[in-house]
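Notes to accompany the following structure.
We did not get these values from a lab; they are worked out from the coordinates using the rules stated. Note that the coordinates shown come from a computational prediction; the quantities given were computed from them, not determined experimentally. Positions of Cβ are generated from backbone atoms using ideal geometry, with glycine treated the same way; all protein chains shown enter the neighbour counts.
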C-alpha cells in the first residue's frame, strides 16, 4: 500500500486525505465541519419477496449469507453486545471462507480478544481489513502494518453517523440476538446469551442492504419488546450458542481494591460534589471500569447524605446503578449497554431502566443528542497532554490498544472528567503531546490523578467553584514534572514507521489523527 | 562455568520490578542484554543506569541480563547491587541514587503517630504512592514481610527508597530484623535520612541500648546530625512484663508499640476480635509507655475489608490510652484518623483552654486560668495537641480563633 497523501488538520496533525479509496476530510476543529446533502437511503424492499407467514428462518448462517448474496469485497457488519463472549463474528468469516469469499471488510461496532481468529482470515484473504476498534491481537496485527487496508476507528456515535451519511455502506449486517422470533423481531433481555439491549445494531438494521438475525433462543412470534424490528430483517437463523454467557455479562461486578484507584475515584466524587455539579435533578455518566464504578459508589454515598436525587444517569449499567434506581436516587437509567446480570434484570423489569442507541445518545449528525445534556461524565484515557488533549486508542509506544467507544461523544458533556493514574508501571500518563489525538483538549475539563486535580484553564468557572473547598487543585504541568522526576525522566517518544495503519475519525466524520506502523 | 548473581523477580505477572543476572568475567568489558516492557521509552536510560552501577560497584567485565517490567530506576539500581553482591560478596562499594531534597526533612519527638502504614521492604510498587494516603508515618519493613532469602535486596530497596521516594511528609520509619541481624540493617538506614527505627520482638532494655549505641556509632561515622528515634515493639509475655524498662531504656525512645500476633501465641491462646486475652498486655504497654513519658502505639487490625471492626478497634485503643495504631492497607488510614480524632466536647474544652493560655501569655501571666479554675501546664499541652489534631482531622477550621472567640 503506497503512502497516501497527507494534510495537516486543524489540530496540527498530519492525516491522510484518502482512506481505502474514499476521500477523507481533515478535522476542522470542534463544531466547525458542516455537512451538506441528504442522508443515505436504504434499498426499497417489498413484501412480495418475503413470506406472508412471516417465517424468515433459514437452516444455518452459511445459507443465510449465501441467500443474502455474499460476494467478494462486501462489507459485513456485526455488533459487540456479546462482548468478549461473542461466537457469531468468527462463525461468519468461517462460513465465508467455506464459501470461498475474499476481501471482505469487517465493520464491527467493537472487537474483543475473542475475535483473534479473524487474524487468520486476514492472512488467508477472506477479510481485507477492519473498520472498527482493534484491541489485543488484532491491534498488534494492525499496528505492525500487516493488515491490507487502513483501519478506521470511529466512536459509537461516529459509526452511526458514517452509516447514515453513507460513508460506510453495509452490504450485510449480522445481528446476534439473545432472543428472536421467525419474523426477525429481537431483543437482548432473555435467553442464554442475554446481554440487555441491542442498540449498537440499530443503524445496521435500518441501513444495511441485507440483515440477518442469528439467535440461540428462537421463540414464537411476537418477540416482545422488539428492540430490533423484524420489518428490517431479511433472514433469521440459529446457532447452538451465539456466545459464552460468562464473558458477556459478569455475574458480579467487582469494584477496584487498588487504594490508589479508590483514592482517585473518591477525589472525583468529591470534585463533583464541591463544584456544585451534584445537585437535585442533575445527571451523570460513569462506565464499568474499576475507577468509574467506584466513583459512582462514592457519589451515591454523597447523594444519600445530602438528600440529593439525579434526574437520570447514563449507563453502562451495573448493579450499582441499578441500586441507585431502585433506591430512588435517580428517576431513570438511560442505558447504552448492560455490564452485569443485575443490569439485565433491571432493564427487563423496570420501565425506568431505558435502552438507548448511538442514535439517541451520540449521533452528531442528528438534531442534537443526549451526550451534551449530561452534567458530568467520567471517562478513562491512556494519555493526556499538558493541553488536556487525550488519547484513548494507543499505548505510549504507539500500539493500538482500545477502541473509541462512546468516549469522543461523551466529551460534549457539561463537565468531562478523566480520573486516571498519573503513571502506569514506569510510564507517565501525563505527557507533553499525546501519541494519538482522539479528544481535543478544549472539551476535556478536569484531570484527576492520585496526585491531585488539574482543571483546564479554559474552565475558569470550575476553578472558581472549587476554590477554597480543600481539594488538591494543581496545574497539569506541576503534576507532570512530579511524575517525570519519579519515573526517571521524560520517556523517549516512540519511533514509528511512515506507513499509516489506521485513521481516527472525529464525531463528525473528519479525520482527527492517524496511527502509524510500529517498529518491530 | 562462571558464577552468576541473580536478583529480582520476573515472569508475566511481575509489574514495576525487574530481574537482573550478573556474570562477572576476566575481560571483555560489559555486555547488557535487556528485555523491557518500556524498551522504546527507557531502554537507553536503563542501559546507562546499569553501566553506571557496575562502574560504581567496581565491576569492569560482566555479562548482564535484565528482564524489566517497568521498574523505576531506584529499583533497578537495588536489584543490580544485590545481584553483584550475591556473586561478588566482598564488594564494599555502594551504588547510591542521588538523595532527593524532599527526603532531607527531619522529624520531632512529639509528632502525631496515629497511623503508621506498613510497606513490605522488597515491594517498591506499593511505596510510590503510599504517602499520598496521608499516614502519619510509613514503615518500610525489613522483618516479617520479607522472605529470608530476600533480606539483602530488601535492604537495598529500602535504602534507595529512603533516598528517592517522596512520602509527602509522613515520618519515615523502618522496621529492622530481630536482633542481632537487625543491627546490621542499620548500616543501610542511618546514613540515608531515616527518622525512626522500629525494633521488633524486644524483651530487654539492653536490646534497645544496643540499637541506640550502633545508631550513634553510625551517625558519628557518617556525620549524621539529625535525631533518629526508636520505637521498640513488645510481642511476648516477657516483653510486656518489662514494658516500662524497655520504654525507658534510652532517651531516643519516643514510643512503645505492642504486637499481638506473637504475644497471644506466646501466652498460649488465640487472638480474638474482642481481645480480652490481650487486655492486660495492652494496659501494661500503655502504662509502661506513659511512665517513661513516651507514646503508646497499638497493634495492627488485620482484616482490611472490615472497616467497622477497625473503627471499633481504634475506639477501644483510644479508650485504653493508645496514641496510634498500625495500618496494613492505605484505606485503613482515614478510619484510624477519624477514630483518634477528638470528640466535639473535647475540642470545645481544648479551644477554651488554648485561648486562655494564649491570653495569659500575652498578658505575661504565669498562671493560666479558665473561669475560677487554674489550668496545669500538662493540661494546656494536651489541649494544644487536641486542637492541633482537630484541625488536622478537619473538625476545626485553621482560623478557629476568629470564629470561636465567643467561647472563651
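Annotation for segment A:122-189 versus segment A:391-463: alpha-carbon center distance of 26 Å.
Note on segment B:1-139: Cα Rg divided by 2.2 N^0.38 Å, N the number of residues, gives 1.20. Give me a single rounded figure for A:417-427: the average over its residues of other chain Cβ atoms within 10 Å of their Cβ. Shielding by partners across A:417-427 averages 4.
With an 8 Å Cα cut-off and a minimum separation of 6 or more residues, compute the relative contact order for segment B:5-87 in percent. Relative contact order, segment B:5-87: 49 percent.
Helices in chain A, meaning DSSP H runs of at least 4 residues, each add -39500 (n - 2.57). Divided by all residues, the mean residue ellipticity at 222 nm is -7000 deg cm²/dmol. Mind jotting down the distance between the C-alpha centroids of segment B:85-123 and segment A:285-309, whole Å? If we compute the Cα centre of each part, the gap is 38 Å.
Under 8 Å for C-alpha pairs, at least 6 residues apart: give me the relative contact order for chain B, rounded to a whole percent.
Working: 761 pairs, mean separation 44.2, N = 408.
Relative contact order of chain B: 11 percent.
For segment B:5-87, the mean projected area of the C-alpha convex hull, equal to one quarter of the hull surface, is 4.7 nm². Packing, as the average of other Cβ atoms within 10 Å across residues, places the peptides A:43-49, B:149-155, A:227-233, B:45-51 in the order A:227-233, B:149-155, B:45-51, A:43-49, highest first.
In segment A:340-478, the convex hull through the Cα atoms has an average projected area of 10.7 nm², a quarter of its surface area.
With bins 5 Å wide beginning at 0, the percent of Cα pairs of segment A:1-159 falling in each bin runs 2, 7, 14, 17, 18, 15, 12, 8, 4, 2, 1, 0.
What would the Debye equation give as log₁₀ I(q)/I(0) for segment A:93-180 at q = 0.20 Å⁻¹, counting only Cα atoms as equal point scatterers? Evaluating at q = 0.20 Å⁻¹ gives log10 I(q)/I(0) of -1.02.
Sequence-distant contacts, meaning Cα pairs under 8 Å at least 6 residues apart, place the relative contact order of segment A:348-461 at 27 percent. Take each residue of peptide B:34-43, count the partner chain Cβ atoms within 10 Å of its Cβ, and average: the result is 5. Computed from Cα positions, the angle between helix B:377-392 and the longest principal axis of chain B comes to roughly 60 degrees. Axis of helix B:205-222 versus longest Cα principal axis of chain B: the two differ by about 60°, to the nearest ten degrees. Ranked by the mean number of other Cβ atoms within 10 Å of their residues, highest first, the peptides B:131-138, A:481-488, A:32-39 fall in the order B:131-138, A:481-488, A:32-39.
Mind sorting A:143, A:53 by how few other Cβ atoms lie within 10 Å of their own Cβ, fewest first?
If I rank by nearby Cβ atoms, fewest first, I get A:53, A:143.
Mean projected area of the Cα convex hull of segment A:259-495, taken over all directions, amounts to 13.0 nm².
Computed from the alpha carbon positions, the gyration tensor of segment B:304-356 leads to an equivalent ellipsoid with semi-axes of 26, 11, 9 Å, biggest first. Remark: mean inter-chain Cβ contacts per residue of B:202-215 equal 0, using a 10 Å Cβ-Cβ cutoff to other protein chain atoms. With q set to 0.10 Å⁻¹, the log10 of I(q)/I(0) for chain B, from the Debye formula over equal scatterers at the Cα positions, is -0.75. Restricting the calculation to Cα atoms, every distinct pair contributes to the Kirkwood radius of the protein assembly as shown, found to be 31.2 Å.
Largest GNM mean-square fluctuation across B:11, B:288, B:324, computed for chain B with C-alpha springs under 10 Å, falls on B:11.
Between residue A:169 and residue A:348, the modelled labels are 4.1 nm apart [label points 7 Å from Cα along Cα→Cβ]. Over all pairs of different C-alpha atoms in segment B:344-407, the reciprocal of the mean inverse distance, the Kirkwood hydrodynamic radius, equals 11.9 Å.
In terms of its Cα atoms, segment B:177-278 spans 47, 22, 21 Å along the principal axes, sorted from long to short. In terms of Cα atoms, the Rg and Dmax of segment A:151-248 work out to 13.4, 40 Å.
If you model chain A as an ellipsoid using its alpha carbon gyration tensor, with each semi-axis the square root of five times an eigenvalue, the axes come out at 37, 29, 20 Å, biggest first. Against chain A, whose longest principal axis is taken from its Cα atoms, helix A:290-306 shows a tilt of about 60°. Between segment B:139-194 and segment A:210-270, the C-alpha centres lie 50 angstrom from each other. Each of A:102, A:8 was scored by other Cβ atoms within 10 Å of its Cβ. Listed from fewest to most, they are A:8, A:102. Residues considered: B:323, B:12, B:306. Largest GNM mean-square fluctuation over chain B, using C-alpha springs under 10 Å, is found at B:12. Fully extending the segment from residue A:146 to residue A:311, taken as 0.36 nm per residue of separation minus the present Cα-Cα distance, adds 54.6 nm.
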